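Structure, as structure tokens:
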Number of protein chains: 2
Amino acid sequence: MSNEFVKVIPLGGLGEIGKNITVIEYDSEIIVIDCGIAFPDEEMYGVDAVIPDISYLLENSEKVKGIFLTHGHEDHIGSLPYILKQINVPIYGTALTLGILKTKLEDNQTLSNCTLNVVKPGEIIKFTNLSIEFIRNTHSIADSCSLAITTPEGVIIHTGDFKIDYTPIDGLTMNLERISEYGKNGVLLLMADSTNVDRKGHSLSEKTIGKTFNRIFSNAKGRIIVSTFASNIHRMQQIIDSSVMFNRKVTFSGRSMENISEVSKELGYLNIPEGFSIDIDEINDYPPNEITIITTGSQGEPMAALARIAYSSHRKITLLPNDLFILSSSPIPGNEKLISRIINELLKKGAEVIYKDLEDVHVSGHACKEELKLIHNLVHPKFFLPVHGEYRHLKHHAELAEELGMKKENTFIIDTGDVLALKDDKAAVIGKVKTGSVYVDGLGIGDVGSLIIRDRKNLAQDGMINIVVTLHKESYSIIAGPDVITRGFVYAKESEELINEIKAIATKELNNCLEKKIIEWYVLKNNVKRAIDRFIYEKTKRRPIVFPMIMEI
Amino acid sequence: MSNEFVKVIPLGGLGEIGKNITVIEYDSEIIVIDCGIAFPDEEMYGVDAVIPDISYLLENSEKVKGIFLTHGHEDHIGSLPYILKQINVPIYGTALTLGILKTKLEDNQTLSNCTLNVVKPGEIIKFTNLSIEFIRNTHSIADSCSLAITTPEGVIIHTGDFKIDYTPIDGLTMNLERISEYGKNGVLLLMADSTNVDRKGHSLSEKTIGKTFNRIFSNAKGRIIVSTFASNIHRMQQIIDSSVMFNRKVTFSGRSMENISEVSKELGYLNIPEGFSIDIDEINDYPPNEITIITTGSQGEPMAALARIAYSSHRKITLLPNDLFILSSSPIPGNEKLISRIINELLKKGAEVIYKDLEDVHVSGHACKEELKLIHNLVHPKFFLPVHGEYRHLKHHAELAEELGMKKENTFIIDTGDVLALKDDKAAVIGKVKTGSVYVDGLGIGDVGSLIIRDRKNLAQDGMINIVVTLHKESYSIIAGPDVITRGFVYAKESEELINEIKAIATKELNNCLEKKIIEWYVLKNNVKRAIDRFIYEKTKRRPIVFPMIMEI
């Protein structure tokens, strides 16, 4: 079928952080790379999570051969518990990636129908036209891969999230040789991680942190409590290694930490020597200087273990004098204040706290400029599509490719939904498919949209005023009310006068209408609302939402 | 009166960022240092600003001799337009500080009664027991001062906000000699800026940025639009200097930028050579490469000039291809996402954008560790009270003092409201006065409190459901309703079934009561609310606020 294109369609993750999902399509075959979640902005009031709109996959469901996961981070696998309910296709990923996914699917009781195929790096999954090779890379989670997708029009390399760590904790370096081999044979399109394109130089190896841990551990007199991302198994391993070196037992706190450490131990990704792993209930059986606790909550999440320890609401861990906390993470933008509050609280209660400003207790998992240059150099593709980043990252990454010699017209800064078509060594954006953000709120998926968010925002800003009145239709008269209830606006007791003025205005507006025999509820409501809106704004310069509710008998 | 203490009472600014205000009291005299504003957290729904509770000053108003301003930043002068309405006392500050204050007071129509006393660095203001010397320092605003307060019990040095810039733009270095002189004669208490105590080394001089500007300006082909803090007059001067060097006219956009540049020019703090200053309406009379625009909005504020240019809603500035934007600032924690969005938007529209990650276009105005050590060394006070910072900064600053040889018991980490008493070379916290945060919302000052904020938060989270019904008292029956209106919960049209279920539940609960001749409105409301809360949570896992409103006739 020589008139077929290869189509590359990002359904999320371009021009935004998170929600990574990309479609690769040829003829009757679609493969999907990743299926991540995005975390809601503070303006998305009440929204728990943001998942991609997969209308395009549902419309082409018979074509979808599988979802290929590069690694086990939330922004790459987190939407699957929702998406798999809509479209049940086989999942492919490495052992740890699928192990982590399994814990999430078990939570959601949708596992029973799902096919999870464990793939080893180096393995190739073949369909009629598309075949996918998993290539080991290094990242802030173990068992992470780049993908090489061979299509009838040429090879696509998708780096996934990666950094180049020459001394990874598990000794398994990125398979640059294999990438180089693809490069040598000719690559049609490179899609590469743009997260840290603004950072000069080269990321530091995860191993550098181990040295810092050893130094800190060697001086600690009480318990050591380290919070980090639950998925960062190599970080966990280094904390365990330092603990063993200084004769400390290790335990885990926080649901995802417990789940992921369990899976990682089972699958052999995390090694705790005999006798060093203890249950959280045993922490008081040892002197404090023989205890290490690894917890969730490094982003300041109010319900996570770290915050609960800080605010004395953890069921099993009570803060002790001489406790030493290590926040082994970087604040994700937006979380700085939450984290700051926890640090202050811990210090106030007498603990010591070490965080990134004070010691080198965190490194990034994403490639900086020089690492990206290396990948571009090895792959030297015909076309380049920067992925995983906001617009500025994509743009700077495209500029980097140009600096390295690529023609500007061969780089593509595209948006989610754009269809990049590749054929006969040419590439062009040929259309757009439906995509977008679907909000998850409680049990609802997609039932909360922008209008509801706008209402929540308005309610949050200045509160609300309910005005309720009962009219007698036949006599054109008010027979009960108006009653006024406010929330988030003023204290009723201290504002009796204001409330009475509101009642008086409502009464006046209603009587004006009723005298003219006007009883259409929308006219009445409108007049009351307008008069009270104006009165309140003049009086307070605030704009609470005014709800006139009119009953008729 | 030898049984008098010197009292130092911070009414804000300790254990928090912003809202700086400190009371120094001896016998019948009180002087106040600074009177700043704090910016609301994102959790303070609808709050415009946070000002200090000055009950203590109002109770002792006859003692208050004046408010002494260290410099003209919002977090040091911003509460005055509100506070001066409550307590009208003389204000003392340097020319620029008072010039900036004046523009704010004019906005608020309270200027007429206020006494603003311009003080020159080196000048001493004397009262019966207290005398205050203004000592020039360097900071990210011109005309900034530290204060030396001489009391019957000894000298107090308050650094104000400062850094040590040996090459300030105006050539006026910090008067370390005078501070050293005080140190030599003996200082009782040092109060020093703790903002950057976590940063190693020494802050960079403001002058370093000028070189970066020159390099960037030398390559720019279109207009240059620089956003920075309106109060950073030295930054403005450097932008002007680079503009003049590369033959660009300069104009200002944004209210505070226009106000402060005007005041600074008038007072001689900002120098624009003849012919280089143009009105914003003239920008199209020159080729783009002869124009520099200095704007507000470097923190991403949605209503400020920069955002309006980015989102094409600026009345006078339309984005041009080849426009070069420079964000000459650091994001204040919490503002990263707003700023990121603007950068992305500008890039999408074809402009070039330079920000701190890419070039050295900003330096901090606060002293780092080595600068703080110098001040401690010169002053070598008997007691130390770290100020201006969260708890962690105060703690680390106290630890720094200890490292430099001070006894731990001579450092005081205190909270706002704590009364630190000094007498006979002894110091102790002897009590607490009423303080706190007062919220400004629209025209209301202090009428919005924590309960209202909690209601707003709950409304923001899951919206609300109004249920209104009219009962006939004598017959114990429903005669109109229940009617249901929701906002921020579900779309009414798509949730007709759910709304009907809510109505049915309300009807059932009401009838249950009415059958038993129960008509007490609080019982009826309670039963309806409880039943619907439960139903909604089971069905949706959300918790909208349910308002049953019952009318009787």
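Of note:
- Sequence-separation-based contact order of chain A, relative, with Cα cut under 8 Å and 6+ spacing, percent: 15 percent
- Cross-link reach is defined here as a Cα-Cα straight distance under 13 Å, omitting same-chain residues fewer than 8 places apart; for B:LYS249 the aspartates and glutamates meeting it are B:ASP241, B:GLU274, B:ASP279, B:ASP281, B:GLU282, B:ASP285, B:GLU290.
- Residue-span extension gain [B:LYS493 to B:TRP521] - 0.36 nm each, minus C-alpha spacing: 7.1 nm
- Occluded residues from the stretch A:21-67, i.e. those whose accessible area drops by 20 Å² or more once the chain is not alone (1.4 Å probe): A:ASP41, A:GLU42, A:GLU43, A:TYR45, A:GLY46
- Low-density loop cleavage sites - GluC sites (Glu not before Pro) in the stretch A:99-160, where at most 16 other Cβ are within 10 Å (DSSP): A:GLU123
- Rounded to whole Hz, the Karplus (6.51, -1.76, 1.60) HN-Hα couplings of the stretch B:152-167, x for glycine and proline: x, 9, x, 9, 10, 9, 10, 5, x, 6, 7, 9, 10, 10, 7, 10
- Mean projection area, nm², convex hull over Cα of the stretch B:207-354: 8.0 nm²
- Taking the three principal axes of the alpha carbon atoms in the stretch B:359-493, the coordinate ranges are 84, 50, 27 Å, sorted in descending order.
- Here the stretch A:207-354 is treated with +1 on each Lys and Arg Cβ and -1 on each Asp and Glu Cβ, and its dipole about the Cα centre works out to around 500 debye.
- Using C-alpha pairs below 8 Å separated by at least 6 residues, the relative contact order for the stretch A:385-425 is 38 percent.
- Degrees separating the helix B:391-403 axis from the principal Cα axis of chain B, which is the longest one: 30 degrees
- Based on protein heavy atoms only, chain A ends up with 40 Å² per residue of surface accessible to a 1.4 Å probe.
- Legend: P(r) of the protein assembly as shown from all alpha carbon pair distances, 20 Å bins from 0, whole percents, reading 11, 34, 38, 16, 1, 0.
- The phi torsions of the stretch B:239-252, fed into the Karplus equation with coefficients 6.51, -1.76 and 1.60 and a -60° offset, translate into couplings of 5, 5, 4, 5, 4, 4, 4, 9, 6, 10, 6, 10, 9, 10 Hz, rounded to whole numbers, with Gly and Pro shown as x.
- For the residue pairs B:LYS102/B:LYS382; A:LYS457/B:LYS493; A:LYS163/A:LYS316; A:LYS493/B:LYS104, alpha carbon separations beyond 28 Å are given by B:LYS102/B:LYS382; A:LYS163/A:LYS316; A:LYS493/B:LYS104.
- Acute angle (nearest 10 degrees) that the helix A:521-540 long axis makes with the longest principal axis of chain A, alpha-carbon atoms: 80 degrees
- Mean ellipticity per residue at 222 nm, deg cm²/dmol - from DSSP H runs of n ≥ 4 across the protein assembly as shown, formula -39500 (n - 2.57): -9500 deg cm²/dmol
- log10 of Debye I(q)/I(0), alpha-carbon scatterers only, for the stretch B:1-124 at 0.11 Å⁻¹: -0.37
- Trypsin sites (Lys or Arg not before Pro) lying in DSSP loop within the stretch B:384-440, provided at most 14 other Cβ fall within 10 Å: B:LYS407, B:LYS434
- Per residue, the Cα convex hull of chain B amounts to 206 Å³.
- Restricting the stretch B:506-544 to trypsin sites (Lys or Arg not before Pro) in coil, as DSSP defines it, with at most 10 other Cβ within 10 Å: B:LYS516, B:LYS517
- Nitroxide proxy distance, nm - points 7 Å out along Cα→Cβ at B:LYS349 and B:LEU58: 4.5 nm
- Under the criterion of Cα pairs below 8 Å and six or more residues apart, the relative contact order for the stretch B:453-552 equals 39 percent.
- Each Lys and Arg adds +1 at its Cβ and each Asp and Glu adds -1 at its Cβ; summed about the Cα centre, the stretch A:446-529 shows a dipole of about 220 debye.
- Ligands, DNA and RNA left out, the accessible area of chain A computed with a 1.4 Å probe is 48% carbon and sulfur.
- DSSP bridge orientation in chain A - percent antiparallel, rounded to nearest 5: 55 percent
- Between chain B and chain A, roughly 6300 Å² of accessible surface gets buried, counting both sides and using a 1.4 Å probe.
- Bridge type composition, the protein assembly as shown - antiparallel percent by DSSP, nearest 5: 55 percent
- Positive-end residue of A:ILE294, A:ASN259, A:PHE39, charge dipole of chain A with Cβ unit charges: A:PHE39
- Karplus-derived HN-Hα couplings along the stretch A:75-86 (A = 6.51, B = -1.76, C = 1.60, θ = phi - 60°), whole Hz, x at Gly and Pro: 6, 10, 10, x, 8, 4, x, 8, 5, 5, 6, 8
- Calculated on the Cα set of the stretch B:453-552, radius of gyration then Dmax: 13.6, 41 Å.
- B:ILE225 long-range amide H proximity, modeled H, under 5 Å: B:ILE293, B:LEU324, B:PHE325, B:ILE326
- Rounded to 5, the percent of DSSP beta bridges in the stretch B:453-552 classed as antiparallel: 50 percent
- Taking the centroid of alpha carbons for each part, the stretch B:413-455 and the stretch A:376-402 are 52 Å apart.
- With the label put 7 angstrom out from Cα along the Cα-to-Cβ vector, B:LYS207 ends up 4.4 nm from the copy partners, going from closest to farthest.
The values are calculated or read from the model by the stated rules, or taken from the named source; none is laboratory data. In this text the structure is predicted, and so the values were computed from the model without any measurement. Methodologically, a virtual Cβ is constructed for each residue, glycine included, from the backbone with ideal geometry; neighbour enumeration extends over all protein chains shown. Side chains included, ligands, DNA and RNA excluded: accessible areas come from the protein's heavy atoms. Shrake-Rupley method; radii C 1.70, N 1.55, O 1.52, S 1.80 Å.
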